[in-house]
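Every number in this text was worked out from the coordinates using simple rules, so none of it is lab data. Keep in mind the model is a prediction, meaning the values are calculated, not measured. Here the Cβ is made from the backbone with ideal geometry for all residues, glycine too, and neighbour counts use every protein chain on show.
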Amino acid sequence: MPEMMKAAVFESEGVLNLKEVPVPQLENEDQILIRVEAASICGTDVHIASVPPGFHAAPGTILGHEFVGIVDKKGANVHHLEIGDRVVVNPNNYCGNCVYCRKNLPNECEKIEALGIEYDGAFATYCRVYGKVAYKISQKVPVDLAACAEPLACAVNGLKKVQVLPGDSAVVIGGGPIGLMLAMLLKSSGAGKVFLLELAPYRIEFAKKLGAMQVIDPTSCDAAKIIADATGIGADIVFDVAGSQIKAAIELVRKGGKVVLFGINQRAHTEITQYDITAKEISVLGTWLANATFPEAVRILEEKIIDIAPLITDVLPLEALNQGIAKLEAGQAIKIVVRP
């Protein structure tokens, strides 16, 4: 094994450089060392690299938290994995001891640590993680698809907040990778009518080509009327994947329906009429990260329950990471995978 490796290091605001850094070593017997096969660029990575940043990471950190790789080394306390196993990783390391972990909410852990944000991530040749957050995945799953297990696990966690019944109608606000995954999952779960609301021309045309949903640009038509006419009463379920559309979600959902708030936008401040929630008896639910949903995500990929291959618009070498981030920021790609 080499002593040095290439890695994309976030050095300061707007500065993400490819550098030679030491290969990480195991620090305790609970850790594993993974040789990274592929890592996908998340919207969070784009926000971190922006000026001003829309999300903050620790300077000096290797970015990247959505990835797949091969176990090269493991500590003596890691019993569920073997050298040579291919794994995907929950990037949010939890303590296992705090009140929320003991309530089976490790995604709300009081000491949670985010890979590629607070400690070194996967835009590198090797990545060190705790064994407890690594999940084995079949070698038969194409590497670029396996790299997307983390966002898929988050989407599954959001879907588990609601009970989708055959024929249900659903709206997804936001046509990025997560929104498109949710739309696919809704269809595979039996939803009848699925509507996708999106503003960006590239994403609108991309979603239309997928053909699994009715795509609506709310700036060019009355989305609420279209959905009300199609359903008779409004949507059974509405997902806000944009992180700023709770007001629209409340308008689009039927009486007694469910709104799931998925997207993260710390700058969004929306005034809503609480009366509408009360009078319509709407359930408003939040969803945060993945919570015990990696096994489901792995199974979805292994059994080809949905086909996310069309969402991968670009595959780049690590040296082209900054170009990939710029392409996503310009709205000219859906999912970009990097192969270190």
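Before moving on, here are some points about what is shown:
- Axis angle, to the nearest 10 degrees, between helix 149-159 and the longest C-alpha principal axis of the chain: 30 degrees.
- Positive-end residue of 51, 244, 336, charge dipole of the chain with Cβ unit charges: 244
- Exposure proxy ranking for 198, 37, 303, based on other Cβ atoms within 10 angstrom of each Cβ and starting from the fewest, stands as 303, 37, 198.
- Helix 177-188 vs. the chain, principal-axis angle (Cα, 0 to 90°, nearest 10): 60
- Backbone geometry of segment 299-309 corresponds, through the Karplus equation with coefficients 6.51, -1.76 and 1.60 at θ = phi - 60°, to 3J(HN,Hα) couplings of 5, 4, 6, 5, 9, 6, 5, 10, 9, 8, 3 Hz, x marking Gly and Pro.
- Computed from label points 7 Å out along Cα-Cβ, the spacing between residue 103 and residue 139 is 4.3 nm.
- Gain on full extension, evaluated as 0.36 nm per residue between residue 188 and residue 26 minus their Cα-Cα distance, stands at 54.2 nm.
- For the chain, a simple Cβ point-charge model (Lys and Arg +1, Asp and Glu -1, everything else neutral) yields a dipole of about 740 debye relative to the Cα centre.
- For 12, 40, 138, order by how many other beta-carbon atoms lie within 10 Å, fewest first: 12, 138, 40
- The chain - mean residue ellipticity at 222 nm from DSSP helices (-39,500 (n - 2.57) per run, n ≥ 4, rounded to 500): -7000 deg cm²/dmol
- Beta bridges from DSSP with both residues in the chain: antiparallel share about 55 percent, rounded to the nearest 5.
- Most positive-pole-ward Cα, 195, 283, 181, against dipole of segment 162-286 from beta carbon charges: 181
- Toward the positive end of the charge dipole of the chain, with +1 on the Cβ of Lys and Arg and -1 on the Cβ of Asp and Glu, the farthest Cα among 151, 298, 32 is that of 298.
- For the chain, the spread of Cα positions along each principal axis, largest first, Å: 63, 41, 38
- Length-normalised contact order for the chain - Cα pairs under 8 Å, 6+ apart - percent: 18
- Relative contact order (percent, whole number), segment 22-130, Cα cutoff 8 Å, 6+ residue spacing: 36
- FRET efficiency for the pair residue 221 and residue 273, taken as 1/(1 + (r/R0)^6) with r the Cβ-Cβ distance and R0 = 41 Å, rounds to 0.95.
- Sparse-neighbour loop sites [trypsin sites (Lys or Arg not before Pro); segment 234-340; at most 16 other C-beta within 10 Å; DSSP]: 267, 304
- Segment 147-173 and segment 71-141 have their alpha-carbon centroids 23 Å apart.
- Per-residue Cβ neighbour rank within 10 angstrom, fewest leading, 95, 109, 221, 127: 221, 95, 109, 127
- Counting only Cβ charges, +1 for Lys and Arg and -1 for Asp and Glu, the dipole size of segment 162-286 around its Cα centre is about 220 debye.
- Simple label model, 7 Å out from Cα along Cβ direction - residue 160 to residue 303, nm: 1.5
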